[in-house]
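The values are calculated or read from the model by the stated rules, or taken from the named source; none is laboratory data. None of the values given here were measured: they were computed from a predicted structure. Counting neighbours? That spans all protein chains shown, and the Cβs are built from the backbone with ideal geometry, glycine included.
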Amino acid sequence: MSEAADLVIILITGAENPKRLPSAFFLAATAAAAEQKVVMYFTGPATELLAKGKAESIFPMEGGKSVADFMKLAEDNEVQIIGCLQSLELNGMTKDDLAKPIPMMNPSAALPSLAAAGRILTW
């Protein structure tokens, strides 16, 4: 992360609370569409959402869109997705389990850049 983000969303919520997830991605996508630099840092249980097939299998509303659809909305609006390297192990994952290659950072490496953001939200 070279340039300070306007908005950082530290996503902690994972599959345990699917109804909370769409709002984080809507907010990120909306800010990015308004030409703000937005970063989402997935840590703790949220890291599991980055695994192959996981986000596609979670539906916040029966018959509705999957979490993967909400993530795609954010990515289509150029929201930068970063994962917590330490949380991979916490969730029994390795980089090979990720649905796609994304930057992975330990908290000690990520926090200085994340803290430089104009606004930080924890979700």
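Observations, loosely collected:
- Cross-chain or 6+ apart pairs with Cβ under 6 Å, region 97-111 first and closer than 16 Å to Ala68 by Cα, then modelled with pLDDT of 95 or more and part of a helix (DSSP H, G or I): Leu98/Leu50
- Within the set Thr13, Thr47, the sole residue that is buried (at least 18 other Cβ atoms within 10 Å of the Cβ) and either acidic (Asp, Glu) or outside any helix (DSSP H, G or I) (or both) turns out to be Thr13.
- Test: residue in region 75-82 that is in a loop (DSSP other than H, G, I, E, B) and either in contact with a Gly (Cβ under 9 Å, 6 or more places away or on another chain) or free of Cβ contacts under 8 Å to residues at least 24 places away in the same chain (or both): no
- Residue, nearest to Ile82 (Cα to Cα), within region 4-47, restricted to residues that are of a type in the set (A, V, I, L, M) and in contact with an Asp or Glu (Cβ under 8 Å, 6 or more places away or on another chain): Val38
- Residue match in region 96-115 (condition: assigned to a helix (DSSP H, G or I), surrounded by fewer than 19 Cβ atoms within 10 Å (Cβ to Cβ) and charged (D, E, K, R)): yes
- Filter pass, Leu7 being over 24 Å from Gly92 (Cα atoms) and at pLDDT 95 or above: yes
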